1. Go through the stretch 126-161 and count every residue that is open to solvent by 40 Å² or more (accessible area, probe 1.4 Å), under 21 Å from Ala221 (Cα atoms) and among the hydrophobic types (A, V, I, L, M, F, W, C).
2. Condition check: surrounded by fewer than 15 Cβ atoms within 10 Å (Cβ to Cβ) and either modelled with pLDDT under 90 or assigned to a loop (DSSP other than H, G, I, E, B) (or both). Does Ala249 satisfy that?
3. So how many residues does the stretch 80-103 have that are modelled with pLDDT of 75 or more and in contact with a helix residue (DSSP H, G or I) (Cβ under 7 Å, 6 or more places away or on another chain)?
4. Hey, could you check the stretch 136-156 for residues that are in contact (Cβ under 8 Å) with a residue 12 or more places away in the chain and outside any helix (DSSP H, G or I) and say which is farthest from Ala114 (Cα to Cα)?
5. Out of (1) open to solvent by less than 50 Å² (accessible area, probe 1.4 Å); (2) among the aliphatic types (A, V, I, L, M); (3) out of contact with any Ser or Thr (no Cβ under 9 Å at 6 or more places or on another chain), the odd one out for Leu107 is which?
6. Within the stretch 119-135, track down each residue that is part of a helix (DSSP H, G or I) and without any contact (Cβ under 8 Å) to a residue 60 or more places away in the chain.
7. Kindly indicate whether Glu272 is open to solvent by 30 Å² or more (accessible area, probe 1.4 Å), out of contact with any strand residue (DSSP E or B) (no Cβ under 8 Å at 6 or more places or on another chain), over 26 Å from Pro147 (Cα atoms) and modelled with pLDDT of 85 or more.
8. For the stretch 162-236, please list each of the strands (runs of 3 or more DSSP E) lying entirely inside it that holds at least 1 residues being open to solvent by 10 Å² or more (accessible area, probe 1.4 Å), among the polar types (S, T, N, Q) and at pLDDT 90 or above.
Amino acid sequence: LLPSRLVMGNDREMTVIERQVAAMLRKQREEQDEQAALARRAEELRSRGEQALDDNGDLDVDSDSEHDDLERRGATGRARREFRDRGIVFDSSTDDVTVTVRAMTDLELGMAFAWMRRDQRRYEGATSFWSKAGTGIQECFEEERCPGDKDVHAAVGAWPRLTGAFVPFLGPAPFAFAMLKDDGLTVDTTGVRQGFRRMGLGRTVASAFIDRARRAAKVRAGPPECVIDAVPDAVAFWRAMGFSNRGGADSPTTAVMRKLCGDVAMSMTLLEDPPTPRGHEWWFEKPEEEKGYWSDDSW
C-alpha cells in the first residue's frame, strides 16, 4: 500500500521519491483518461457512421453477397459486380471511377469505423482494426499538425496523418484508410474494406503514396528509398508492389515489432539515379567518418 501522504498528494510531507511516484501516477491517470475519451469519441462516430450506412443499405445482412438476382444482391456485392462489369481503369479521367486519397470528415471516419467493426465480426481472420486500433486511429484523426518536414510539405503538399480512399460509385464511405509515419511520406498502416479486396484497390492506394514519395525524392525532399515495416500477412502484397526484404540492421521500430508481431523490414528503390544530396536534407545521414567531433582548433 502507498503511504497516505502519497495518496493524498501532500507535497510538504512527501519525500523526493514519493513526489516523483505521485507525478508518475498523475500522468498515468491523465493518459488513461485521454484514451478513454478518445474511445468514447470513436464510438460516437462509429454509431453515426453505422446509421448512415444502414440508411444506404450498405450494412444489411446480405450486403456483401453477389447473387445473380439483382434484388438480392447486397450493396457491396452490387458495387463489386459493377466494378468488374465496367472494367474500371483507375487512371481514367472519369470522375466516378477515379480513386481519391484525402482527409476524412467525421461522418466518413464513422462509416469506416462501422465497416471495420462489421468486417472483424463477419470475416474469420479479418484484421481487428476497430477493437485493437480504433482509439489510435481516432487519435491520428484528431491530430492537427500534418506529419513531415517543411521541405516535404513544400514539395508534395502536407497530407494529414490519417487519410481515406474514395471512389464515388462505391458509395459515400471510404473503401480504405492509411496512416502516415512521422516523416509524412511513409505508410505506417493501411487497410481495405473486406468486401472490396482483391479488386486492385489496395494497390492503387499504395501507389498513390509511393508516387508521392518518389516526387519528393526527385527534388531532395525525401530519400531515394522507401522503407516500410510490413506485418507478416501483408508481405506478399508489398512484394507485389515492388518491395523486397531489407538487409542490414532493423530500425528501432522494426526491431520491437519484429519481436511482438513478426514485422518484416522491406524497401523499394524510388529513383535509380537520384540527385546528389547537399548534406543538409532532413533524411540524409552523414557517413560516420564525416561526423567527427569538435576539437580545440575548430574554433
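The values are calculated or read from the model by the stated rules, or taken from the named source; none is laboratory data. Remember, predicted model here, so these are calculated numbers, not experimental data. Positions of Cβ are backbone-derived with ideal geometry, glycine not excepted, and every protein chain shown enters the neighbour counts. The accessibility values were calculated without ligands, DNA or RNA, using every heavy atom of the protein model including side chains. Shrake-Rupley method; radii C 1.70, N 1.55, O 1.52, S 1.80 Å.
1. 4
2. Answer is yes for this residue.
3. Our first condition is that a residue be modelled with pLDDT of 75 or more; within the stretch 80-103, this holds for 98-103.
Right, trim to in contact with a helix residue (DSSP H, G or I) (Cβ under 7 Å, 6 or more places away or on another chain) and you get 99, 101.
Qualifying residue count for the region: 2.
4. Asp149
5. With respect to (1) open to solvent by less than 50 Å² (accessible area, probe 1.4 Å); (2) among the aliphatic types (A, V, I, L, M); (3) out of contact with any Ser or Thr (no Cβ under 9 Å at 6 or more places or on another chain), Leu107 is out only on (1).
6. Of the residues in the stretch 119-135, the ones part of a helix (DSSP H, G or I) are 119-122, 129-135.
Of everything in the stretch 119-135, those that are part of a helix (DSSP H, G or I) and without any contact (Cβ under 8 Å) to a residue 60 or more places away in the chain turn out to be Gln120, Arg121, Ser131, Lys132, Ala133.
7. yes
8. Numbers: elements: 162-166, 176-180, 187-192, 225-230.
It comes to 187-192.
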